[in-house]
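S.K.: If you scroll down you'll find the structure; I have some questions about it.
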Amino acid sequence: MPRRRSRRVPTISTPLAVVDGGLIGPVTVVVEDGCIRALRHTGARESAHADIVLADGVLTAGLVDIQINGAFGVDFSSADDSAWDRVAAALPLTGVTAFQPTYITAPLGALVSGLHTAIEARQRQSGSGAARILGVHLEGPFLSAVRHGVHEQRYLAEPTREAIDRLLGAPGSEILTMVTIAPELPGALEAIRRLTRAGVRVSVGHTDATADRITAAADEGATLVTHIFNAQRGLAHREPGVPGATMADRRFYCGLIADLHHVAPEVCGLVWKAARGRVVLVTDAIAAAGMPPGDYTLSGIPVVLGADGVPRNADGTIAGSALTLDQAVRNMISLGLPAAQVIEAASRVPADALGRADLGRIEPGARADLVWWSDDFHPRRAWVDGREAQAPVADAALPAPRESFAVSP
């Protein structure tokens, strides 16, 4: 990927910033060697002397998307180098400065090969101002045959010792950061224990497990639930199911697709209240994200994005989403939820879920991944490691950059 010259940002002043779940300001952020060196409360006179002066809007940490299958016409499972690079370059347009590319169920060999592809992409993109690749999320193949959703049933597998050995021993396994598992499968609890001891996060998902089994998975180290309420045993008054168990157990972070289609607005509000401080906004985006209605693919599966903005396969099953993370933020704010806390559900909380205390926050020592938003929460500019992200080279498979993204403060 060609590297663009980007000016390192010594200081940015802003009237408002999201810090520790609240709005504060005016403040000046001091950046050095790609990290935040200091956060200073400043008056108007001092703010005016910053290298970049933001006259309005809000400065936040960059968003972190831990479940994204593709976007802007690109499916990660089949993308070439240039397509990977264009998506990483375009994601900051949506406020995302770090992401965890996700592969859905496929033959294990193909998934192992995908790890190497992601490593090459991360190495190639380093220092380019593109959104950083955090690691790979394997959403499959260790899923329930009765809760597999759009995943191809023929590729589902049990998490045997041999399968886990292959994942953990594969060249490139260091980029494996998360695996979604149905914990009721034979061998699943041992697999969860082995993966988490190896430093891989485990999320329960695409599962018909009872609440008791979910608790057992947490006891072995599982710490997340994949797209809560979707493709899992539901909540009932005598059997809490997967949503009830994970909202009630503070060991779990709850991934939520807030497109207001996957989960009704009222239920989004319920999840927010029940799992306060543990909600992780995700997109589960596919190639259709940021694109017009039409035909797309998800890991080779034909998908149609309709006028309602929901991608579906041939039998009508929802197939991921066409959501961008900035839209998820606006959707949750539209429900009357505190804007600063919603931003953190898309930045600090997902970073914490991955053990990345250096991301998703504006504080000394954190990476200088920052986003400047308009007052109505549309991203204007973004920085990765203190370098301003640039809109990707014009391409038919990518949206035109927003005019406001290039406007100087």
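S.K.: Which condition from (1) under 22 Å from VAL150 (Cβ atoms); (2) among the hydrophobic types (A, V, I, L, M, F, W, C); (3) touching a helix residue (DSSP H, G or I) at 6+ places or on another chain (Cβ under 8 Å); (4) buried (at least 24 other Cβ atoms within 10 Å of the Cβ) is the one that VAL96 breaks?
M.R.: VAL96 satisfies all of (1) under 22 Å from VAL150 (Cβ atoms); (2) among the hydrophobic types (A, V, I, L, M, F, W, C); (3) touching a helix residue (DSSP H, G or I) at 6+ places or on another chain (Cβ under 8 Å); (4) buried (at least 24 other Cβ atoms within 10 Å of the Cβ) except (1).
S.K.: Could you please tell me which pairs satisfy a Cβ distance under 8 Å, a separation of 6+ or placement on different chains, a first residue in the stretch 56-68 that is farther than 14 Å from THR97 by Cα, and a second residue that is assigned to a strand (DSSP E or B) and of a type in the set (A, V, I, L, M)?
M.R.: VAL58/ALA17; VAL58/VAL18; VAL58/LEU23
S.K.: Now a separate question. Here are THR317, THR324: which of them is more than 24 Å from VAL384 (Cα to Cα) and among the β-branched types (Val, Ile, Thr)?
M.R.: Result of the check over THR317, THR324: THR317.
S.K.: Okay, moving on. Give ALA88, ALA38, ALA71, ALA98 a once-over and let me know the one that is over 30 Å from GLY320 (Cα atoms), small (Gly, Ala, Ser) and either out of contact with any Pro (no Cβ under 6 Å at 6 or more places or on another chain) or modelled with pLDDT of 95 or more (or both).
M.R.: Selected residue: ALA38, the only one of ALA88, ALA38, ALA71, ALA98 that is over 30 Å from GLY320 (Cα atoms), small (Gly, Ala, Ser) and either out of contact with any Pro (no Cβ under 6 Å at 6 or more places or on another chain) or modelled with pLDDT of 95 or more (or both).
S.K.: Right, something else. On the basis of being buried (at least 21 other Cβ atoms within 10 Å of the Cβ) and either of a type outside the set (Gly, Ala, Ser) or closer than 14 Å to SER173 by Cα (or both), does VAL112 make the cut?
M.R.: no
S.K.: Does TYR253 count as touching a residue at least 40 places away in the same chain (Cβ under 8 Å) and crowded, with 22+ Cβ neighbours inside 10 Å?
M.R.: Criteria met by TYR253.
S.K.: Look at GLU162 and say whether it is free of Cβ contacts under 8 Å to residues at least 24 places away in the same chain and not in a loop (DSSP other than H, G, I, E, B).
M.R.: So GLU162 passes the test.
S.K.: Is there a residue in the stretch 36-43 that is surrounded by fewer than 24 Cβ atoms within 10 Å (Cβ to Cβ) and within 30 Å of ARG201 (Cα to Cα)?
M.R.: Yes, because at least one residue in the stretch 36-43 is surrounded by fewer than 24 Cβ atoms within 10 Å (Cβ to Cβ) and within 30 Å of ARG201 (Cα to Cα).
S.K.: Here is a further query. Would the stretch 217-235 turn up any residue that is part of a helix (DSSP H, G or I) and under 23 Å from the mean Cα position of the chain (by Cα)?
M.R.: yes
S.K.: I've got another one for you. I need the full set of residues from the stretch 307-327 which are in a loop (DSSP other than H, G, I, E, B), in contact (Cβ under 8 Å) with a residue 12 or more places away in the chain and either farther than 24 Å from LEU93 by Cβ or in contact with a Phe, Trp or Tyr (Cβ under 7 Å, 6 or more places away or on another chain) (or both), in order please.
M.R.: Within the stretch 307-327, ASN313, ALA314, THR317 qualify.
S.K.: Moving on. Quick one: which strands (runs of 3 or more DSSP E) lie wholly within the stretch 17-127 and hold at least 2 residues that are in contact with a strand residue (DSSP E or B) (Cβ under 6 Å, 6 or more places away or on another chain)?
M.R.: It comes to 17-19, 27-32, 35-41, 58-61, 63-68, 96-104.
S.K.: Looking at ARG330, is it basic (Lys, Arg), surrounded by fewer than 21 Cβ atoms within 10 Å (Cβ to Cβ), free of Cβ contacts under 8 Å to residues at least 60 places away in the same chain and part of a loop (DSSP other than H, G, I, E, B)?
M.R.: The answer is no for ARG330.
Matching residues to (1) closer than 17 Å to ILE257 by Cβ; (2) surrounded by 12 or more Cβ atoms within 10 Å (Cβ to Cβ); (3) of a type outside the set (A, V, I, L, M):
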residue: VAL280; (1), (2), (3): yes, yes, no
residue: ALA288; (1), (2), (3): yes, yes, no
residue: MET291; (1), (2), (3): no, yes, no
residue: GLY309; (1), (2), (3): yes, yes, yes
residue: ALA314; (1), (2), (3): no, no, no
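The values are calculated or read from the model by the stated rules, or taken from the named source; none is laboratory data. Just so you know, these numbers come straight off a predicted model, no measurement behind them. Every residue, glycine as well, gets a Cβ built from its backbone with ideal geometry; the counts of neighbours run over all protein chains shown.
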